[in-house]
Amino acid sequence: MTGVVFIGDEISAAGYRLAGAEVFSPAPGDTPEVFAKARKRADVVMLTATAAHHISAQCLEEALAD
């Protein structure tokens with residue numbers, strides 16, 4: 001597993017990349033798939049509120065329950 005994954009806008013991603021996180025700035029339609037893959041490969045997945053709006057509430061609740 002990778003340590004930390006960040007999903008969000010490119011500007012924020014640049015800062016997280018400098019901090020050592022693996023980062024993704026997907027198109028809105030690709031965000032749920034990127035989030036699902038990140039959950040399988042990372043210990044911690046962080047995302048911006050904007051990215052979270054593109055993921056179903058059920059998926060987010062399941063992630064929080066893990």
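The values are calculated or read from the model by the stated rules, or taken from the named source; none is laboratory data. This structure is a prediction, so every number in the text was calculated from the model and none was measured. Here the Cβ is made from the backbone with ideal geometry for all residues, glycine too, and neighbour counts use every protein chain on show. For the accessible areas, the whole protein counts, side chains as well, though only heavy atoms, and no ligand, DNA or RNA atoms are used. Shrake-Rupley method; radii C 1.70, N 1.55, O 1.52, S 1.80 Å.
Residue by residue through the stretch 37-46, note down the ones that are open to solvent by 50 Å² or more (accessible area, probe 1.4 Å) and either among the charged types (D, E, K, R) or under 14 Å from residue 60 (Cβ atoms) (or both).
37, 39, 40, 41, 43, 46 - these are the residues of the stretch 37-46 that are open to solvent by 50 Å² or more (accessible area, probe 1.4 Å) and either among the charged types (D, E, K, R) or under 14 Å from residue 60 (Cβ atoms) (or both).
Taking the criterion of being of a type in the set (S, T, N, Q), surrounded by 12 or more Cβ atoms within 10 Å (Cβ to Cβ) and in contact with a strand residue (DSSP E or B) (Cβ under 6 Å, 6 or more places away or on another chain), would at least one residue in the stretch 2-23 satisfy it?
Quick first cut of the stretch 2-23, residues of a type in the set (S, T, N, Q) only: 2, 12.
Cutting the leftovers down to surrounded by 12 or more Cβ atoms within 10 Å (Cβ to Cβ) gives us 2, 12.
Filter once more, keeping what is in contact with a strand residue (DSSP E or B) (Cβ under 6 Å, 6 or more places away or on another chain): 2.
Within the stretch 2-23, one or more residues are of a type in the set (S, T, N, Q), surrounded by 12 or more Cβ atoms within 10 Å (Cβ to Cβ) and in contact with a strand residue (DSSP E or B) (Cβ under 6 Å, 6 or more places away or on another chain).
For the list (1) under 9 Å from the mean Cα position of the chain (by Cα); (2) at pLDDT below 95; (3) not hydroxyl-bearing (Ser, Thr, Tyr), I need the number of the one condition that residue 64 fails.
Failed condition: (1).
Only one of (1) over 13 Å from residue 55 (Cβ atoms); (2) within 12 Å of the chain's Cα centre (by Cα) is not met by residue 26, so which one is it?
(1)
Determine which single condition residue 33 fails, assuming it passes every other condition in (1) among the charged types (D, E, K, R); (2) out of contact with any strand residue (DSSP E or B) (no Cβ under 8 Å at 6 or more places or on another chain); (3) at pLDDT below 95.
Only one criterion is unmet by residue 33, namely (3).
Would the stretch 39-48 turn up any residue that is on the phi < 0 side of the Ramachandran plot and assigned to a loop (DSSP other than H, G, I, E, B)?
Scanning the stretch 39-48, I find at least one residue that is on the phi < 0 side of the Ramachandran plot and assigned to a loop (DSSP other than H, G, I, E, B), so the answer is yes.
Restricting attention to the stretch 56-65, does a residue exist that is in a helix (DSSP H, G or I), of a type in the set (S, T, N, Q), surrounded by 11 or more Cβ atoms within 10 Å (Cβ to Cβ) and out of contact with any helix residue (DSSP H, G or I) (no Cβ under 7 Å at 6 or more places or on another chain)? Step through it out loud before you land on a result.
First, pick out the residues of the stretch 56-65 that are in a helix (DSSP H, G or I): 57-65.
Among the residues that remain, those that are also of a type in the set (S, T, N, Q) are: 58.
Narrowing the set further to residues that are surrounded by 11 or more Cβ atoms within 10 Å (Cβ to Cβ) leaves none.
Taking every residue of the stretch 56-65 in turn, none turns out to be in a helix (DSSP H, G or I), of a type in the set (S, T, N, Q), surrounded by 11 or more Cβ atoms within 10 Å (Cβ to Cβ) and out of contact with any helix residue (DSSP H, G or I) (no Cβ under 7 Å at 6 or more places or on another chain).
Do we find a residue being open to solvent by 60 Å² or more (accessible area, probe 1.4 Å) and in contact (Cβ under 8 Å) with a residue 12 or more places away in the chain anywhere in the stretch 29-36?
Yes, because at least one residue in the stretch 29-36 is open to solvent by 60 Å² or more (accessible area, probe 1.4 Å) and in contact (Cβ under 8 Å) with a residue 12 or more places away in the chain.
Would you pick out the residues in the stretch 37-66 that are under 14 Å from residue 6 (Cα atoms) and touching a residue at least 24 places away in the same chain (Cβ under 8 Å)?
Selection gives 38, 39, 41, 42, 43, 44, 45, 46, 47, 48, 50, 51.
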